[in-house]
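First the structure, in the form of structure tokens, and then the observations on it.
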Amino acid sequence: MDSLCALHEMELAAWEKEKSVLINDGKRTAEEKQFALEQLQRRKPKKPLDQKRLISDFTFEGMYKLFQAGVPSKGLFADEGGQVTGGHGMRQETILATAAGLSKFWDGAPVDRIRVMDGASSLRGRRLAVHLMMQDKVGLDFFSNPILRDQGLGSRMLAAWPTSTAGGRAYSAVNALETAGVQRLHGRIEALLAQPMPYREDSNKQELQPPAMTLSHEAKQAWVAFYNQVEAETGPKQTLEPVRGLANKAAEHAARIAGTVQLFENPAAVAVEEWAMQCGIEAMAWYLDEALRISGASNPAAHLLDAERVLRWIHESELKTVALPDMYQRGPVRSAGTARKAVETLKAHNHLLEPEIPKGEKKPPVTCQSGKKSREWWEVHPESNSSFLAD
């Protein structure tokens, strides 16, 4: 890319010199100069496109400018999704504009912008893929954010919250990258990436114009059946009511997945076949189930995550009794109020027990790790560790 930029600078310098000579040519009339300048303008060297395709930390304004100057297909990929969800683009004053802009990309609609300094501009034919990995609480806060929920960004994303495999990851000498299945996958992806991009003519390779795909008769029937099934389950008191936003887009998600699967197998395909549609439907059914599970853990049960962290800390510290000050001074929570809520949750699930105190006597104080005394302490259930690991 640096060599291309250097070449462009040289070509531009030569062009500017030619323009200067033309302007100062005393042998031409004003009309001749005007005509020659118009012809010269058409030959002005174009700046090479920015080839950056992957973004991990962004603002929507910055990404917009990157699309203006670069290739039309990009990926917002981050293994620390908090960089995106907690960055400048998601602050209180910018979150709505960012969400609306990202939704425009999902919809395939033109993304317009009007600025005092830059004037009006519009992005067309661009494609953006988003894949974010987040810690539990970051992800729950993101999907339960009322602004994002009302705007509809969350329903345009497919979320997965896999169960932790900690404790069951025995060492294996097998290198996953060298297995036959992974190598076939990588080979297939490399072959697909080598395919020529479907650019719109006269767009300087900055606008994509892929051919529209149709659904085969059988695929359309399967899609309609899935649409009707999901629609019936989104009504009041029905299964999908808690995730109605995603359910409203479930059929479109399924069709998009099906189209991707079809083109993965055959890049020259012009129609989605039934087998590919069934793949899309099955995948979307799984995502709907996952959304139900995540929605149940978002707003009303975020305190469960705090309780789980406290319980994990208790067992990692091998405590038989635990005092409240130790939880927020040495443990994973940072306030007495949060610690007390975690205690109530753990008591309700029988992980913490009130000590047996003779009737009429007060709970005796215990010595905290700081050396101070506290009467707010509890015994850890003897079988808490085994039941926690089982969960």
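Residues considered: ALA166, ALA170, ALA160. Of these, the only one that is touching a residue at least 24 places away in the same chain (Cβ under 8 Å), farther than 30 Å from GLN68 by Cα and outside any helix (DSSP H, G or I) is ALA160. Listed by position, the helices (runs of 4 or more DSSP H) contained in segment 209-325 that have at least 1 residues being of a type in the set (Lys, Arg) and within 24 Å of GLY337 (Cα to Cα) are 302-316. Being loosely packed, with under 11 Cβ neighbours inside 10 Å and either closer than 24 Å to LEU263 by Cα or assigned by TED's automatic domain parsing to the domain that holds LEU288 (or both) is the requirement here; does GLU207 meet it? Against the criterion (loosely packed, with under 11 Cβ neighbours inside 10 Å and either closer than 24 Å to LEU263 by Cα or assigned by TED's automatic domain parsing to the domain that holds LEU288 (or both)), GLU207 does not qualify.
Residue-wise test of (1) under 18 Å from GLN135 (Cβ atoms); (2) among the acidic types (Asp, Glu).
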{"residue": "LEU304", "(1), (2)": "yes, no"}
{"residue": "LEU311", "(1), (2)": "yes, no"}
{"residue": "ARG330", "(1), (2)": "no, no"}
{"residue": "VAL333", "(1), (2)": "yes, no"}
{"residue": "ALA336", "(1), (2)": "no, no"}
{"residue": "LEU346", "(1), (2)": "no, no"}
{"residue": "ILE357", "(1), (2)": "no, no"}
{"residue": "LYS373", "(1), (2)": "no, no"}
{"residue": "GLU376", "(1), (2)": "no, yes"}
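Number of residues in segment 185-202 that are under 29 Å from the mean Cα position of the chain (by Cα) and part of a loop (DSSP other than H, G, I, E, B) equals 6. So, GLU190, is that one acidic (Asp, Glu) and at pLDDT 85 or above or not? Yes: the conditions hold for GLU190. Scanning segment 49-60 for residues that are in contact (Cβ under 8 Å) with a residue 24 or more places away in the chain and outside any loop (DSSP other than H, G, I, E, B) turns up ASP50, PHE60. From the list ALA225, ALA254, ALA250, the one residue that fits, being closer than 30 Å to HIS186 by Cβ and not assigned by TED's automatic domain parsing to the domain that holds ASN145, is ALA254. Of the residues making up segment 68-119, those that are among the aromatic types (Phe, Trp, Tyr), within 21 Å of GLN151 (Cβ to Cβ) and either in contact (Cβ under 8 Å) with a residue 24 or more places away in the chain or part of a loop (DSSP other than H, G, I, E, B) (or both) number 1. The one condition from (1) surrounded by fewer than 12 Cβ atoms within 10 Å (Cβ to Cβ); (2) in a helix (DSSP H, G or I); (3) charged (D, E, K, R) that LYS46 does not meet is (2).
Considering only segment 220-240, I want to know if a residue exists there that is of a type outside the set (Phe, Trp, Tyr), surrounded by 11 or more Cβ atoms within 10 Å (Cβ to Cβ) and within 26 Å of ARG127 (Cα to Cα). Checked against the condition, which is being of a type outside the set (Phe, Trp, Tyr), surrounded by 11 or more Cβ atoms within 10 Å (Cβ to Cβ) and within 26 Å of ARG127 (Cα to Cα), segment 220-240 yields at least one hit.
The residues in segment 330-366 that are farther than 17 Å from HIS315 by Cα, without any contact (Cβ under 8 Å) to a residue 40 or more places away in the chain and not in a loop (DSSP other than H, G, I, E, B) can be counted, and the count is 7. Checking each residue in segment 300-333 for being more than 30 Å from PRO242 (Cα to Cα) and either of a type in the set (Gly, Ala, Ser) or touching a helix residue (DSSP H, G or I) at 6+ places or on another chain (Cβ under 6 Å) (or both) picks out HIS315, SER317, VAL322, ALA323, LEU324, MET327, TYR328, GLY331, PRO332.
The values are calculated or read from the model by the stated rules, or taken from the named source; none is laboratory data. None of these values were measured; they are calculated from a predicted model. Cβ atoms come from the backbone with ideal geometry, glycine included; neighbour counts cover every protein chain shown.
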